[in-house]
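Engineer: My questions all concern the structure below.
The values are calculated or read from the model by the stated rules, or taken from the named source; none is laboratory data. Predicted model, so just to flag it, every value in this text is computed and none were measured. Cβ coordinates were reconstructed from backbone atoms using ideal geometry, including for glycine residues, and neighbour counts include every protein chain displayed.
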Amino acid sequence: MRRLIVAITGASGTCYGVRALEMLREMGGFETHLVISPAGLRTAAEEGIGYDADQIKALADVCHSHKDIGASIASGSFKSDGMLVAPCSVKTLSGIAHCYSNDLITRAADVCLKERRRVVLMVRETPLHAGHIALMDQATRSGAIIMPPVPGFYTQPKTIDDLINQTVGRALDLFDIDHPSVRRWKKGEAS
């Protein structure tokens, strides 16, 4: 059983974290650990993603309080494939970039980085100023992968769900998780 930590922060795009949990559940063979910030819960409600707080939490195998810095995922001895922060607010990016572990999201990310595990940050902010870019640079230098949820259009998406599925599937690719909904580029055609 592979383990993946999924965090949902207060940036717009909570659908990405929710869809990641759904995809991992669909595939089977994954134990998911969710941390969702209070701002993430509020944003999910504002965005009308179709899930209330309890339904989002139920998508994960284990749901941790964002305040519980003593949770299993706060320790390097907790084995996982890494952590997906989807979406990642600039506040969370800043905490991760500066090793400022003031909640479980930033602590779990810091632990994954020190253990040389994958940390993928779906940073959701635009436009960017120099401070945002510097934070992304610092997080990258510490080992994180910055993956803004920028859609690719070679797949000729027809719906918002098509865009979300492809973007989340590509984020899961970074953990060597191959979801069947991802459309792969083939020379001369999208498939």
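Engineer: Every residue in segment 4-48 that is surrounded by fewer than 19 Cβ atoms within 10 Å (Cβ to Cβ) and not small (Gly, Ala, Ser), please.
Structural biologist: GLU22, ARG25, GLU26, MET27, GLU31, PRO38, LEU41, ARG42, GLU46, GLU47
Engineer: Here's a follow-up. In segment 147-169, how many residues are in contact (Cβ under 8 Å) with a residue 12 or more places away in the chain and surrounded by 17 or more Cβ atoms within 10 Å (Cβ to Cβ)?
Structural biologist: Residues flagged as in contact (Cβ under 8 Å) with a residue 12 or more places away in the chain and surrounded by 17 or more Cβ atoms within 10 Å (Cβ to Cβ) within segment 147-169 amount to 10.
Engineer: Any idea which residue in segment 165-185 is farthest from the chain's Cα centre (by Cα), counting only those that are outside any helix (DSSP H, G or I) and over 21 Å from GLY143 (Cα atoms)?
Structural biologist: TRP185
Engineer: Condition first: hydrophobic (A, V, I, L, M, F, W, C) and either at pLDDT 95 or above or under 17 Å from GLY28 (Cα atoms) (or both). Now tell me which residues in segment 161-191 satisfy that. Write out each step before concluding.
Structural biologist: Within segment 161-191, the subset hydrophobic (A, V, I, L, M, F, W, C) is 163-164, 168, 171-172, 174-175, 177, 182, 185, 190.
The answer is LEU163, ILE164, VAL168, ALA171, LEU172, LEU174, PHE175, ILE177, VAL182.
Engineer: In segment 122-140, which residues are in contact with a helix residue (DSSP H, G or I) (Cβ under 6 Å, 6 or more places away or on another chain) and either of a type in the set (A, V, I, L, M) or part of a loop (DSSP other than H, G, I, E, B) (or both)?
Structural biologist: MET122, VAL123, GLU125, LEU135, ALA139
Engineer: While we're here: Could you list, in sequence order, all residues of segment 144-164 that are touching a Cys at 6+ places or on another chain (Cβ under 8 Å) and assigned to a loop (DSSP other than H, G, I, E, B)?
Structural biologist: None - no residue of segment 144-164 is touching a Cys at 6+ places or on another chain (Cβ under 8 Å) and assigned to a loop (DSSP other than H, G, I, E, B), so the list stays empty.
Engineer: Here is a list: ARG117, ARG124. Which entry is basic (Lys, Arg), in contact with a Phe, Trp or Tyr (Cβ under 9 Å, 6 or more places away or on another chain) and either within 22 Å of LEU21 (Cα to Cα) or surrounded by fewer than 16 Cβ atoms within 10 Å (Cβ to Cβ) (or both)?
Structural biologist: On the way: ARG117 fails: in contact with a Phe, Trp or Tyr (Cβ under 9 Å, 6 or more places away or on another chain).
So the residue among ARG117, ARG124 that is basic (Lys, Arg), in contact with a Phe, Trp or Tyr (Cβ under 9 Å, 6 or more places away or on another chain) and either within 22 Å of LEU21 (Cα to Cα) or surrounded by fewer than 16 Cβ atoms within 10 Å (Cβ to Cβ) (or both) is ARG124.
Engineer: From the set of residues in segment 97-141 that are among the β-branched types (Val, Ile, Thr) and in contact with a strand residue (DSSP E or B) (Cβ under 7 Å, 6 or more places away or on another chain), which is farthest from GLY10 (Cα to Cα)? Let's see the steps before the verdict.
Structural biologist: Start the filter on segment 97-141 by keeping residues that are among the β-branched types (Val, Ile, Thr), which leaves 105-106, 111, 119-120, 123, 126, 133, 140.
Still in the running and in contact with a strand residue (DSSP E or B) (Cβ under 7 Å, 6 or more places away or on another chain): 105, 119-120, 123, 140.
Details: ILE105: 12, VAL119: 18, VAL120: 16, VAL123: 11, THR140: 21 Å.
My answer is THR140.
Engineer: Can you tell me how many residues in segment 77-101 are at pLDDT 95 or above, surrounded by fewer than 20 Cβ atoms within 10 Å (Cβ to Cβ) and in a loop (DSSP other than H, G, I, E, B)?
Structural biologist: Number satisfying all stated conditions: 7.
Engineer: Determine, yes or no, whether LYS91 is out of contact with any Pro (no Cβ under 9 Å at 6 or more places or on another chain), closer than 18 Å to PRO38 by Cα and not polar (S, T, N, Q).
Structural biologist: yes
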